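Visitor: The following block contains the structure, expressed as structure tokens.
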Amino acid sequence: MKMTKLFVLTVAVAMGPGLAGAHDIEAWNSPQPEQPDHVLIRNATVWTADEAGILENTDILIRRGEIRRIGEDLRAPRGSIEIDAEGRHVTPGLIDAHSHAAMLGGVNEMSLISTAMVEARDIVDADSINIYRQMAGGLTTMHLMHGSANAIGGQNVTVKLRWGADPADMIIDDAPGTIKFALGENPKQSNWQPDNPRYPQTRHGVAQVVDEKFQMARDYAERHEAHAGRNARDRVPPRRDLEMEALVDILQGDIDVHSHGYRADEFLALMRTAESHGFRIKAFHHVLEGYKVADEMAEHGAGASTFSDWWAFKYEARDAIPYNAALMHERSVQVSINSDNPELARRMNLEAAKAVRYGGVGEHEALKMVTANAADQLGLGHRLGRLKEGMDADLVIWSGHPLSVYSRPDQTWIDGRLYFDRERDLEMREAWEAERQELIALVRESENGEGENDDEEADDNDDQPDENEPGMQLFRQLMGGA
Amino acid sequence: MLRTTVPLLLVLLLAAPVQAETVAYVGATIHPVSGEAIEDGVLLVRDGRIEAIGSDVDVPGEARTEDLSGLHLYPGLIHAGTVLGLTEIGSVAGTQDTTEMGQINAAIRAEVAVNHDSMLFAPNVAGGLLTAHVVPQGGMIRGTSAAISLSGWNWEEMTLAAPVGMHVAFPRSAAENDDDDDLRLINEVLDQARSWSRAMTAWSDGAAPRPAHNDQFAALEPVLEGEVPVFLHTHGERDMHAALDWAERQGLEEIVLVGGPDLQHLASRLAQGDIPAILNGVHTMPARGWEPYDAAYVAGAKLAEAGVRFAITDGGSAFTAGNARHITFQAGMAAAFGLDREAALKSVTLWPAEIIGLGDELGSLEAGKRATFFAATGDALEVTTQVQRAWIDGEEYDLSRDRQRQLYERYRGRPGRDGDG
């Protein structure tokens, strides 16, 4: 019985108004919250993630999406929304420098060893329930990245978790371009048997390919330069190549390289390749053995965006240690901690706390690893990741100490808009459930013809399918909540 | 039944711990878990067992004293379902002994494949995880699990109890279909095991010839006799109910229900039936798109409110084995969302001890129990707390065996490139 109904429900909910009348297709989605002229948060412990450090009994004044002032006993402009945060803590909105949590379909363009021409901005999934759930954990910005199947992957995009906005409106417009590179077991296809293995199958092969691609990009740039100006009139222009254009942008510093990698040897090799072509690696991601070449990374100017503690899941993760963040930090590498996982991204504050546990990083410095440092690595340090005047009003009000396992985000603000409010979430649950039941009833009605009442079904409280049932898979796929 | 010579029958290897010494650990805040915290307490350990605990303990003259001022003492964490010891590197097949092929693996014994020198052990001990329930993962009837100490010179020495339970992965497809093929196979095997058991009894009574040896039936015999509990592994609410219904039909009385946050929907049924549960993860996404964001976070609180005894784990996959020590963070998250902090602590200490049949030996700091404990800089569930020392059966574990710490120390000491390092 149920498969059919489920399927109908799936389609009905996905298609929304067509089948389900006046009901919005995003039952759990919200319209964009309003942006008040002024918001004043009072008496909080403020973690600035900036030089000012942690400020007790401090007020934050937000004006139209921007932090206007931080200080004691600020005066509330007329009409301000005032929040008493006595006993609570405020931090910048958390930033995940490595996410795939809101992308439609394939994260990996697996085919070629270089897919520099593809762009994640084309597949931002604004309806993914991950967005809401991560925001409920204090996340406000994520770096949506291409996968790690290729040595040179696709271009990434940085978005704010503006739940309810269109994909284009989630994208941070002045974020610099970034591109994904990958080293090690993934690009060399170690952990599966590809039907048609492609070159390279080794780490030195990966290094060689990257070098050769940049030689090609330089030739490409030269051909275009030679064609420019006076010569352009008489000759056939060189063929346009989107892959080469992206690589030229890297050479010119317009696209930053964020490279997945685990082992120290490969970081060193990629840095030397980049140096030989005159550019720098912006950040290594996961960078599990970064602690082994931290000095070299610091000299090169590469940041590190690491897992807090994952290890032993692959051979190249054998030497991963939870002290990695602390060791690199001690050696002056700018460190962020990332999730690479939609569930983990709901508690990045606790990922940062692990840098205190393992290696004794100071608490404020640890918090920077999921705020200011991540913002800097994404080229957005001028407006995100810190609480100070002039920055975007992206912040979290925590029920307690932000690195405590016992704390929860009470509110998450983005652009001075209240996107997540735990109180409201709790209040709305009944209404959301009622709406869901109403939708199910409508679907049943349409399926059963004249609203035939199936008592047994109506009393069956067990119509919530398990996520692996085919209908549910489709449902989640369509709704993007996977 | 008199014929109880089956070698697998509940071998409790509870040899007396070996550390022959009397030590008074003083100055620390002791969290016995079974009772209120004791500030500036004394933990008196004799020959590897706890002799006395309290704020006012008579310390015998021959006792050595260890000052642990400023630290917090906790009973060792217990992981209620893991593949620690059966896995090394997740992606390297040669290091994987978690999952036997085939559907019926009743005769599999987890403990015999535990690699006592696994590099995953020491980092977990360094995180306070001192006891693990090692569970095989292959097929529908998966075999028997073992409780192991994380320290020992071979698996035999490490094994505290085996078999702890027979593990049955209840087929999801049977949730709504009593005639499900997979469930029918399980039922047939159990029926055959019963027949075999009767035939064995008939033989021992001299009434019939001896039936052929059968490892699988022999392993199932104590399960069907109610001597070895069944751990029922499930996914969602529906198959959880179906699994309990099935266990009732089968007359299986000693049950532990293992599953995800949907366990909360069975809280009253579990409480009524006095069925303990293993909650496979608090750090999991809500299973369904429409569920509240904290659906998994609140599962612990819901179970506790109903009065269910439960253990919190990380799901126990090969991926999580290296950080099995971090079940404390999952328990802490449950506490952030309504679970009493004392109960959260019990969910990774005393309750798993009871669920795996070691409630008299481990899980709390009480006189008579094993002196298996750790010292930390603060609240054991807080992420920022550091575990500093650990003892198993009274013997201090050498934390420098932790390869992660070794790498940390080694690279921390790397000379700086500019010569000042």
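Visitor: Select, from A:370, A:333, the only residue that is touching a Gly at 6+ places or on another chain (Cβ under 8 Å) and surrounded by 24 or more Cβ atoms within 10 Å (Cβ to Cβ).
Guide: None of the other options fit; the residue is A:333.
Visitor: Determine the pairs where a residue that is more than 10 Å from chain B (Cβ to nearest Cβ), located within region A:331-349, has a partner that is of a type in the set (Ser, Thr, Tyr) and assigned to a loop (DSSP other than H, G, I, E, B) with Cβ atoms under 7 Å apart, the partner being 6 or more residues away or on another chain.
Guide: Hits for this filter: A:337/A:308; A:345/A:339; A:348/A:339.
Visitor: From B:83, B:92, B:114, grab the single residue that is surrounded by fewer than 21 Cβ atoms within 10 Å (Cβ to Cβ) and either farther than 28 Å from residue B:31 by Cβ or free of Cβ contacts under 8 Å to residues at least 24 places away in the same chain (or both).
Guide: Being surrounded by fewer than 21 Cβ atoms within 10 Å (Cβ to Cβ) and either farther than 28 Å from residue B:31 by Cβ or free of Cβ contacts under 8 Å to residues at least 24 places away in the same chain (or both) holds for just one of B:83, B:92, B:114, which is B:92.
Visitor: Within region A:203-218, is even one residue in contact with a Gly (Cβ under 9 Å, 6 or more places away or on another chain), farther than 16 Å from residue A:152 by Cβ and in contact (Cβ under 8 Å) with a residue 60 or more places away in the chain?
Guide: Scanning region A:203-218 turns up no residue that is in contact with a Gly (Cβ under 9 Å, 6 or more places away or on another chain), farther than 16 Å from residue A:152 by Cβ and in contact (Cβ under 8 Å) with a residue 60 or more places away in the chain.
Visitor: Mind listing just one residue for me: the one in region B:314-367 that is in a loop (DSSP other than H, G, I, E, B) and hydroxyl-bearing (Ser, Thr, Tyr) and, of those, farthest from the other protein chains (Cβ to nearest Cβ)?
Guide: The qualifying residue farthest from the other protein chains (Cβ to nearest Cβ) is B:364.
Visitor: Step by step: first the residues of region A:239-255, then only those that are buried (at least 16 other Cβ atoms within 10 Å of the Cβ) and outside any helix (DSSP H, G or I), then the one that is nearest to the chain's Cα centre (by Cα). Which residue is that?
Guide: Only one residue tops the list, namely A:255.
Visitor: Given (1) closer than 12 Å to residue B:170 by Cβ; (2) touching a residue at least 40 places away in the same chain (Cβ under 8 Å), identify the lone condition not met by residue B:263.
Guide: All conditions pass for residue B:263, except number (1).
Visitor: What are the residues in region B:279-313 that are part of a loop (DSSP other than H, G, I, E, B), more than 12 Å from chain A (Cβ to nearest Cβ) and not β-branched (Val, Ile, Thr), if any?
Guide: Matches in region B:279-313: B:307, B:309.
This table checks each residue for (1) within 14 Å of chain B (Cβ to nearest Cβ); (2) not in a helix (DSSP H, G or I).
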| site | (1), (2) |
| --- | --- |
| A:236 | no, yes |
| A:257 | no, yes |
| A:270 | no, no |
| A:275 | no, no |
| A:282 | no, yes |
| A:288 | yes, yes |
| A:299 | yes, no |
| A:305 | no, yes |
| A:310 | yes, yes |
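Visitor: Here is a follow-up. Kindly list the number of the only condition in (1) closer than 30 Å to residue A:410 by Cβ; (2) in contact (Cβ under 8 Å) with a residue 40 or more places away in the chain; (3) surrounded by fewer than 20 Cβ atoms within 10 Å (Cβ to Cβ); (4) not acidic (Asp, Glu) that fails for residue B:250.
Guide: Of the numbered conditions (1) closer than 30 Å to residue A:410 by Cβ; (2) in contact (Cβ under 8 Å) with a residue 40 or more places away in the chain; (3) surrounded by fewer than 20 Cβ atoms within 10 Å (Cβ to Cβ); (4) not acidic (Asp, Glu), the odd one out for residue B:250 is (1).
Visitor: Take the conditions buried (at least 19 other Cβ atoms within 10 Å of the Cβ), of a type outside the set (Phe, Trp, Tyr) and within 13 Å of residue A:149 (Cβ to Cβ) and apply them to residue A:186. Does it pass?
Guide: Yes, satisfied.
Visitor: Assess whether residue A:320 counts as being more than 30 Å from residue B:120 (Cα to Cα), at the interface with chain B (Cβ under 9 Å from one of its Cβ atoms) and touching a residue at least 24 places away in the same chain (Cβ under 8 Å).
Guide: No.
Visitor: For residue B:369, all conditions in the list (1) assigned by TED's automatic domain parsing to the domain that holds residue B:29; (2) over 23 Å from residue B:127 (Cα atoms) hold save one; what is the number of the exception?
Guide: Exception for residue B:369: condition (2).
Visitor: Can you confirm whether region B:282-304 contains a residue that is in the same structural domain as residue B:352 (by TED's automatic domain parsing), under 20 Å from residue B:135 (Cα atoms), touching a residue at least 24 places away in the same chain (Cβ under 8 Å) and not hydroxyl-bearing (Ser, Thr, Tyr)?
Guide: Checked against the condition, which is being in the same structural domain as residue B:352 (by TED's automatic domain parsing), under 20 Å from residue B:135 (Cα atoms), touching a residue at least 24 places away in the same chain (Cβ under 8 Å) and not hydroxyl-bearing (Ser, Thr, Tyr), region B:282-304 yields at least one hit.
Visitor: Quick one: how many residues across region B:391-401 are surrounded by fewer than 18 Cβ atoms within 10 Å (Cβ to Cβ), in a strand (DSSP E or B) and in contact (Cβ under 8 Å) with a residue 12 or more places away in the chain?
Guide: Matching residues across region B:391-401 total 1.
Visitor: Right, here's the next one. So residue B:124 fits all but one of (1) buried (at least 24 other Cβ atoms within 10 Å of the Cβ); (2) assigned to a loop (DSSP other than H, G, I, E, B); (3) among the polar types (S, T, N, Q); what number is the exception?
Guide: Of the numbered conditions (1) buried (at least 24 other Cβ atoms within 10 Å of the Cβ); (2) assigned to a loop (DSSP other than H, G, I, E, B); (3) among the polar types (S, T, N, Q), the odd one out for residue B:124 is (2).
Visitor: Look through region B:381-390, keep the residues that are buried (at least 24 other Cβ atoms within 10 Å of the Cβ) and within 13 Å of residue B:77 (Cβ to Cβ), and return whichever of them is nearest to the other protein chains (Cβ to nearest Cβ).
Guide: B:381
Visitor: Please go through region B:132-171 and pick out each residue that is among the polar types (S, T, N, Q) and in contact with a Pro (Cβ under 6 Å, 6 or more places away or on another chain).
Guide: Of everything in region B:132-171, just one residue is among the polar types (S, T, N, Q) and in contact with a Pro (Cβ under 6 Å, 6 or more places away or on another chain), namely B:144.
Visitor: List the number of the failed condition for residue A:418; all other conditions in (1) closer than 30 Å to residue A:65 by Cα; (2) at pLDDT below 90 hold.
Guide: (2)
Visitor: Can I ask one more? Among the numbered conditions (1) part of a helix (DSSP H, G or I); (2) more than 8 Å from chain B (Cβ to nearest Cβ), tell me where residue A:354 comes up short.
Guide: (2)
Visitor: Here is a further query. Yes or no: residue B:228 closer than 19 Å to residue B:357 by Cα, in contact (Cβ under 8 Å) with a residue 24 or more places away in the chain and among the β-branched types (Val, Ile, Thr)?
Guide: Against the criterion (closer than 19 Å to residue B:357 by Cα, in contact (Cβ under 8 Å) with a residue 24 or more places away in the chain and among the β-branched types (Val, Ile, Thr)), residue B:228 qualifies.
Visitor: Inside region A:401-423, can you point out the residues that are more than 12 Å from chain B (Cβ to nearest Cβ) and either in a helix (DSSP H, G or I) or at positive phi (or both)?
Guide: A:415, A:416, A:423
Visitor: Quick one: would you say residue A:439 is in contact with a helix residue (DSSP H, G or I) (Cβ under 8 Å, 6 or more places away or on another chain) and either outside the structural domain of residue A:361 (by TED's automatic domain parsing) or part of a helix (DSSP H, G or I) (or both)?
Guide: Yes, satisfied.
The values are calculated or read from the model by the stated rules, or taken from the named source; none is laboratory data. Remember, predicted model here, so these are calculated numbers, not experimental data. Ideal geometry is used to build each Cβ from the backbone, glycine not excepted, and the neighbour counts take in all protein chains shown.
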